């Protein structure tokens, strides 16, 4: 584009922009840096000078406005982080890498980050001695506890659960090194497809559960698919609630006595009804993953009811033949989810936000969605924020914060497992597909 084709005495470069309309109504796509060529005599001409100034003003306006109209703003990622899709105002940075089977996380008051490696049975201790945001120093805190999962630091003890037991350990006076290990409970129901054991401590008691040993089975008469309450010494076993399928993290919402957990729905529900690997018309959207407020004595559906009081069709034929189970009565007894996620998102873990680091988000939950394997296209693979109404204390919505899936929904860059809020307000989250821990930051509306 030229103001004059020859006799050039000045050369002005304008950055590339899209969709600019030049004086006179001529549209253009400036998709590369564009040069304006002018001469002294033409610049001195008042008419041309006025036109040139007007054009430069339009270019400046276009640079400021057109990108915002053409595509949505996005957040950012730091060095070593895949090209996650991040909500504006947030930034994801790398906190640790090279961790085998990187699953659940726990921080102690000294800044040590404990990471569970259930496949090998280790808990590793990571430290960031220079406070640079990247954990570089690591030790094996303990080993030999395969299926180690949830960890909780309480009064100088690191509590942890395996599929079959609950334990607590101290350090040996040196940060990150094991001292005494106490067995609190052992011989608990374990193994199977959902061997993951939850653990939560509150007011002199701990709470624990383990999931369905199959994709979908009847555990009404067993100790599985239920939350049990114990005294801290492992005595006083009491049923708290029942009807879970696979809840891996239990937490009390800050400022309340409410116990919450995400419960993952079953897979391949549509296969007996005609779904195939090519067509997942039923399976794709059923059943939902659930965000439940767990109440003492309540029943949450498994195995007879799923989602919002929807009977499992597997029991319909049995009911017509025998009159049992009475699905209507089970539905009447069932507590429906406080919030539904998408089917097969695999909502493994979550944390409640505290303080004002994320402005206006205190009390909301960040949920780690591990992602699907039996839906077409893939779903989940994200950090999702669940929004709580400050007056009712109930969820009223949710929004995507970070997507770790490629835009084609056929592959992923990471599989979020667990998250926690660090003392500085940022949120650490793990990924077991690439052995990394990432840090979610708030950088403000400008994304700087």
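Bear in mind these aren't lab numbers, they're just calculated from the coordinates by the rules spelled out. For clarity, every value in this text was computed on a predicted model and none was experimentally measured. Every residue, glycine as well, gets a Cβ built from its backbone with ideal geometry; the counts of neighbours run over all protein chains shown.
Just check segment 272-329 against the gyration tensor rule for me: Cα atoms, a ≥ b ≥ c as the square roots of the eigenvalues, rounded for a/c under 1.5, and otherwise prolate or oblate depending on whether a/b exceeds b/c.
Oblate shape, in that a/c is at least 1.5 and b/c is the bigger or equal ratio.
Highest mean first, how do 398-404, 367-373, 312-318 rank when packing is the count of other Cβ atoms within 10 Å averaged over residues?
The packing order, highest mean first, is 367-373, 398-404, 312-318.
If you average 1/r across every pair of different Cα atoms in segment 139-224 and take the reciprocal, what Kirkwood value do you get, in Å?
13.9 Å
Which of rounded, prolate or oblate describes segment 175-226 when judged by the alpha-carbon gyration tensor and an a/c cut-off of 1.5? Show your work: numbers first, answer last.
On the way: a/c = 2.65, a/b = 1.89, b/c = 1.40.
Prolate shape, in that a/c is at least 1.5 and a/b is the bigger ratio.
Only Cα pairs under 8 Å and at least 6 apart count here; give the relative contact order of segment 185-242 as a rounded whole percent.
After rounding, I find 28 percent.
Based on the mean of other Cβ atoms within 10 Å per residue, sort peptides 179-188, 120-129 so the most packed one is first.
Descending packing order for the listed peptides: 120-129, 179-188.
Using a cut-off of under 19 Å, list every residue of segment 241-275 whose amide N is near the label point 7 Å from the Cα of residue 203 along the Cα-to-beta-carbon line.
Residues passing the 19 Å test: 241-242, 250-261.
At each listed q (0.08, 0.10, 0.22 Å⁻¹), what is the log10 of I(q)/I(0) that the Debye formula gives for segment 82-227 modelled as equal alpha-carbon point scatterers?
-0.26, -0.40, -1.33
With r as the distance between the Cβ atoms of residue 373 and residue 127 and R0 = 41 Å, compute the FRET efficiency 1/(1 + (r/R0)^6) and round to 0.05.
On the way: r = 35 Å, r/R0 = 0.85.
The formula returns an efficiency of 0.75 here.
Give the calculated FRET efficiency between residue 101 and residue 253 to the nearest 0.05, with a Förster radius of 30 Å applied to their Cβ-Cβ distance.
My answer for the efficiency is 0.55.
Any chance you could run the full-extension gain for residue 233 through residue 110? It's 0.36 nm times the residue separation minus the Cα-Cα distance, nm to one decimal.
Result: 41.7 nm gained on full extension.
Please check which bits of segment 357-397 a label hung off residue 285 would reach, taking the label as a point 7 Å along Cα-to-C-beta and the cut-off as backbone N under 18 Å.
Residues 374-380 fall inside that zone.
What fraction of the Cα pairs in segment 319-448, stated in percent, has a spacing above 18 angstrom?
Value for segment 319-448 (Cα pairs over 18 Å): 61 percent.
Any idea how far apart residue 309 and residue 356 come out in nm if each label point goes 7 Å out from Cα toward Cβ?
Roughly 4.3 nm, to one decimal.
Once you have a ≥ b ≥ c as the square roots of the Cα gyration tensor eigenvalues for segment 248-346, tell me rounded if a/c is under 1.5, and otherwise prolate or oblate according to whether a/b is larger than b/c.
oblate
Report the label-to-label distance for residue 443 and residue 390 in nanometres (one decimal), using points 7 Å from each Cα along the Cα→Cβ vector.
With each label placed 7 Å out from Cα toward Cβ, I get 2.7 nm.
Given a Förster distance of 45 Å, report the FRET efficiency between residue 411 and residue 218 from their Cβ-Cβ distance, rounded to the nearest 0.05.
After rounding to 0.05, the efficiency reads 0.80.
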